[in-house]
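The values are calculated or read from the model by the stated rules, or taken from the named source; none is laboratory data. Quantities reported herein were computed from a predicted structural model and do not represent experimental measurements. For neighbour counting, all protein chains shown are included, and Cβ atoms are generated from backbone atoms with ideal geometry for every residue, glycine included. Side chains included, ligands, DNA and RNA excluded: accessible areas come from the protein's heavy atoms. Shrake-Rupley method; radii C 1.70, N 1.55, O 1.52, S 1.80 Å.
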Amino acid sequence: MRAVIYTLLLTILLSVLSYVVATATIKQDIGNELSASLVSIDRRIESTLNLVMSLPKHEGCESEHRRFYNRKAYIEEEVRALGYVRNHTTGWYACSLFGEVSSNKSYWAGNTSEQGVFIGWSLLTTYFPEPSFVVAQQVGDTEYFAYVNPRRMLGHWLESPLRDYFYQVYLLGESLPRYSSEHVNIDDSFWSTFVLSHRVVSPQYPYELKVSVSRSAILLRTATYTLRMLLALALFGGFLSWLDGHLDPSFYTVLAMNTMLAMSTILTTIDNRFSSDESASN
């Protein structure tokens, strides 16, 4: 009986320690991931911006200009459209591979940096079924732009297969995300509640990234660390008992048995959880 009590106390102590370690390591993991993602996305934006700045500066929208935009968009797989837009007192005028367009409706939503770089999303979906990621550069009274497939610009990060992690992109200063993970089913269940998050701002462009982690990810990692420590302690204690025949091995025997039982319970819980998620998605 005493061995069981000691085992339970030890398990509780190791669980608390494992929770602290699990939380710290997850924070470090998502912090490193966000930093790497910022570098990758900034590099893609910079490449698109260089393409925008290489566009010829011209008046009007002749067929040769439209052919040039079309050829460039064809070569650059990430780009959907290229062109320029100029605001007037009565609205705006644009030239792109789709031709000339004039309107007074809002066409973009986003932020402009001090260097005149615009980052945002398109509001008009006349030519594409979904909003496009927009990169533009202000030159005088003209903005030269590129419409980019958001999945090509951000998808490598947002569409991560990690189901317990929720990825979001914010325009700087906005409280609601402009783009979010599509693989996460957000609900109010105990397992799916997001209890940990980390947010970073791009040092070059006006946007920020955020990762939220569900309670299940933290608890499962805590359980993993706890089981590893219990198993290591049981094996080490059993080895010492084997070396010294005078030590009573009952404590370590109970510890090992309880560890294996806990591992079986955790693995069963994980299997049932993933099975229920697959059934719900089907």
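Please specify each residue of the range 84-119 satisfying the condition of being in contact (Cβ under 8 Å) with a residue 60 or more places away in the chain, among the polar types (S, T, N, Q), over 15 Å from D141 (Cβ atoms) and in a strand (DSSP E or B).
Matches in the range 84-119: N111 only.
Of these, R178, R151, R163, which one is open to solvent by 60 Å² or more (accessible area, probe 1.4 Å), in contact with a Leu (Cβ under 6 Å, 6 or more places away or on another chain) and modelled with pLDDT under 85?
The unique qualifying residue is R178.
Given the conditions (1) of a type in the set (A, V, I, L, M); (2) open to solvent by less than 60 Å² (accessible area, probe 1.4 Å); (3) within 18 Å of the chain's Cα centre (by Cα), report the number of the one that V39 does not fulfil.
All conditions pass for V39, except number (2).
Could you tell me which residue of the range 119-146 is surrounded by the fewest Cβ atoms within 10 Å (Cβ to Cβ), considering only residues that are under 12 Å from Y84 (Cβ atoms) and aromatic (F, W, Y)?
Y144
Given the conditions (1) out of contact with any strand residue (DSSP E or B) (no Cβ under 6 Å at 6 or more places or on another chain); (2) open to solvent by less than 60 Å² (accessible area, probe 1.4 Å), which single one is not true for V20?
Checking V20 against (1) out of contact with any strand residue (DSSP E or B) (no Cβ under 6 Å at 6 or more places or on another chain); (2) open to solvent by less than 60 Å² (accessible area, probe 1.4 Å), the one that fails is (2).
Restricting to the range 53-75, and then to whatever is of a type outside the set (S, T, Y) and touching a Leu at 6+ places or on another chain (Cβ under 6 Å), can you tell me which residue is least open to solvent (accessible area, probe 1.4 Å)? Give the derivation first.
Pass one, the range 53-75, residues of a type outside the set (S, T, Y): 53, 55-62, 64-68, 70-73, 75.
Then keep just the ones that are touching a Leu at 6+ places or on another chain (Cβ under 6 Å); that gives 66, 70, 72-73.
Numbers: R66: 76, N70: 89, K72: 60, A73: 15 Å².
Checked the range 53-75; the qualifying residue least open to solvent (accessible area, probe 1.4 Å) is A73.
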